[in-house]
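Student: Below is a structure I'd like to ask you about.
The values are calculated or read from the model by the stated rules, or taken from the named source; none is laboratory data. Values in this document were obtained by computation on a predicted structure and should not be read as measured data. Counting neighbours? That spans all protein chains shown, and the Cβs are built from the backbone with ideal geometry, glycine included. Only protein heavy atoms, including side chains, enter the accessible area calculation; ligands, DNA and RNA are left aside. Shrake-Rupley method; radii C 1.70, N 1.55, O 1.52, S 1.80 Å.
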Amino acid sequence: MRALLALALLLPPTLLPAADLPPSGKYWMFIGTYTGKGEKDSKGIMRCEFDARTGKLTQPEVAAEATNPSFVAISPNGKNLYAVGEAGGLGPKKNEGPVLAYTLDAATGKLAPLDGSSSGGPGPCHVAVDNDGKFLVVANYGGGSCATYKLKADGGIEARTGFQQHVKPADYTGKNPPRGHCGAFDQTGKFVLVCDAGVDKVFVYKFDRDTGEITPNDPPTIVMPVGSAPRHIHISPANDLAFVCGEADSTANVVKLDFANNKFDVLQSISTLPNPVKGNSTAEVRFHPSGKFVYVSNRGHNSIAAFKWEGGKLSAIGHATDGIKIPRNFNITPDGKWMLVANQDGNDIVVFAIDEATGLLTPTGEKVAVGRPVCVKFLAKP
């Protein structure tokens, strides 16, 4: 452990060593989905095993039945899983969606319902847990809002402690309504950042860890490129950078974070496409555990765009396209060697090997069928 900490201190602030393999060499993979009544449709949260030594997946099975559990999050201690039920119409108070809590047995991968709450608005589409496993943040797409929750000692949801209805900032000239799409705690747990794809802003909230309340920061937003529609965000381990994908303009954006001085600047905006593709939109952005690469999913071009991160900027290094069809969320195993992509319209999960030196993705041919998968999360299997 001391050697690992010493290595971390020697690395640049955004570079951290990838995690070692779990003792079993395997991860549980939990999959958020859109559900339906068809034979091939998912029935809820799915689960399978991923062998990080071979790149093989077991056949998925239902871990918990639920309606449209599109996005899931796993607590840092691995004992709980949280999901949003993406449902409800438009408007701040119409048909609020659920936030669900489960106990999770890391040895067996079994989920058991624990409790739940309301998201405070329609269309909850993203959930994230803080680094201490004490709070959740949920983004409501349909309602254009976000909410925070305090968690119990057993991981259950104690109460909804904060809620913010997004409003159009004065400098926004577009016609779109607010659309909360992704929330994240910063690494200190003192701030909450929420991407709003409707008004081209990332809302910044101060987070009170005693009360669980969120209040607008000063400045209250990070101004993203006009027409970008910021969708998802990934904050660096050093808390100094954020990578944000622009859904509408097909971009990867680098944001400098200076919470101490309340300064937030977009340093770079780079296309996720080799050439313009009409109707393309991005869905997910991930920072590689090594800190050397960034990836973004393209829906339309049907690809994962890969970038090298060095010298303070992103440079495009290629695209993976094999077996990809309307990719939503994708994720990278904690050891940094594999990427698993959820193909919403392909109705499957596909596996890519990651070259640790170049960051390029190689298709392995491994895939499993899952009805309309949206989200992939890993938990080390003991």
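Student: Among (1) on the phi < 0 side of the Ramachandran plot; (2) out of contact with any Gly (no Cβ under 8 Å at 6 or more places or on another chain), where does TYR149 come up short?
Tutor: Every condition holds for TYR149 apart from (2).
Student: Please list, ordered by first then second residue, the pairs with beta carbon atoms under 7 Å, 6 or more apart or interchain, first in region 367-381 and aromatic (Phe, Trp, Tyr), second surrounded by fewer than 20 Cβ atoms within 10 Å (Cβ to Cβ) and not in a strand (DSSP E or B).
Tutor: So the pair list comes out as PHE378/PRO334.
Student: Then there's this: For the structure I just gave you, tell me whether GLY133 is modelled with pLDDT under 95 and out of contact with any Phe, Trp or Tyr (no Cβ under 8 Å at 6 or more places or on another chain).
Tutor: When the stated conditions are applied, GLY133 does not pass them.
Student: What number of residues in region 128-162 are in a strand (DSSP E or B) and among the acidic types (Asp, Glu)?
Tutor: 1
Student: If LYS313 satisfies all but one of (1) over 24 Å from GLU61 (Cβ atoms); (2) buried (at least 19 other Cβ atoms within 10 Å of the Cβ), what's the number of the condition it fails?
Tutor: (2)
Student: Considering each residue of region 255-282, count those that are touching a Phe, Trp or Tyr at 6+ places or on another chain (Cβ under 9 Å) and either at pLDDT below 95 or surrounded by fewer than 21 Cβ atoms within 10 Å (Cβ to Cβ) (or both), and give that number.
Tutor: 4
Student: List pairs: first in region 269-281 and on the phi > 0 side of the Ramachandran plot, second part of a loop (DSSP other than H, G, I, E, B) and surrounded by fewer than 18 Cβ atoms within 10 Å (Cβ to Cβ), Cβ under 9 Å, 6+ apart or cross-chain?
Tutor: GLY279/GLY300
Student: All but one of (1) outside any strand (DSSP E or B); (2) in contact (Cβ under 8 Å) with a residue 12 or more places away in the chain; (3) not small (Gly, Ala, Ser) hold for ASP210; which doesn't?
Tutor: Only one criterion is unmet by ASP210, namely (2).
Student: Could you say whether any residue in region 182-200 is open to solvent by less than 40 Å² (accessible area, probe 1.4 Å), aromatic (Phe, Trp, Tyr) and not in a loop (DSSP other than H, G, I, E, B)?
Tutor: Yes - at least one qualifying residue is present in region 182-200.
Student: Has region 156-168 got at least one residue that is of a type in the set (A, V, I, L, M) and under 22 Å from the mean Cα position of the chain (by Cα)?
Tutor: Yes, that holds for at least one residue.
Student: Separate question: Of everything in region 337-366, what is of a type in the set (Gly, Ala, Ser), in contact (Cβ under 8 Å) with a residue 60 or more places away in the chain and buried (at least 19 other Cβ atoms within 10 Å of the Cβ)? Give them in sequence order.
Tutor: Passing the criteria: ALA342, GLY359.
Student: PRO334 is checked against (1) under 15 Å from the mean Cα position of the chain (by Cα); (2) open to solvent by less than 20 Å² (accessible area, probe 1.4 Å) and fails just one. What number does that condition carry?
Tutor: Result: PRO334 fails condition (2) only.
Student: A further question on this structure: Please determine whether any residue of region 128-136 is under 16 Å from ALA73 (Cβ atoms), among the β-branched types (Val, Ile, Thr) and surrounded by 24 or more Cβ atoms within 10 Å (Cβ to Cβ).
Tutor: Among the residues of region 128-136, not one is under 16 Å from ALA73 (Cβ atoms), among the β-branched types (Val, Ile, Thr) and surrounded by 24 or more Cβ atoms within 10 Å (Cβ to Cβ), which makes the answer no.
Student: Is there any pair with a first residue in region 184-202 that is within 19 Å of ASP171 (Cβ to Cβ) and a second that is of a type in the set (S, T, N, Q) whose Cβ atoms are under 6 Å apart and which are 6 or more apart or on different chains, and what are they?
Tutor: Within 6 Å, the pairs are GLY198/ASN176; ASP200/SER228; LYS201/THR221.
Student: Of the residues ALA101, ALA83, ALA87, only one is within 19 Å of the chain's Cα centre (by Cα) and at pLDDT below 95; which?
Tutor: ALA87
Student: Then there's this: Could you list, in sequence order, the residues of region 351-374 that are touching a Pro at 6+ places or on another chain (Cβ under 7 Å) and either part of a strand (DSSP E or B) or of a type in the set (D, E, K, R) (or both)?
Tutor: PHE352, VAL368
Student: Identify all residues within region 292-301 that are touching a strand residue (DSSP E or B) at 6+ places or on another chain (Cβ under 7 Å) and surrounded by 15 or more Cβ atoms within 10 Å (Cβ to Cβ); write none if there are none.
Tutor: LYS292, PHE293, VAL294, TYR295, VAL296, SER297, ASN298, ARG299
Student: On the basis of being without any contact (Cβ under 8 Å) to a residue 60 or more places away in the chain, surrounded by fewer than 24 Cβ atoms within 10 Å (Cβ to Cβ) and not in a strand (DSSP E or B), does ASP115 make the cut?
Tutor: no
Student: Also, quick follow-up: Tell me, yes or no, whether region 26-48 has at least one residue that is of a type in the set (A, V, I, L, M, F, W, C), open to solvent by less than 10 Å² (accessible area, probe 1.4 Å) and either more than 27 Å from ILE235 (Cα to Cα) or at pLDDT below 95 (or both).
Tutor: Yes.
Student: Being under 17 Å from ALA64 (Cα atoms) and open to solvent by less than 60 Å² (accessible area, probe 1.4 Å): is that true of ALA101 here?
Tutor: yes
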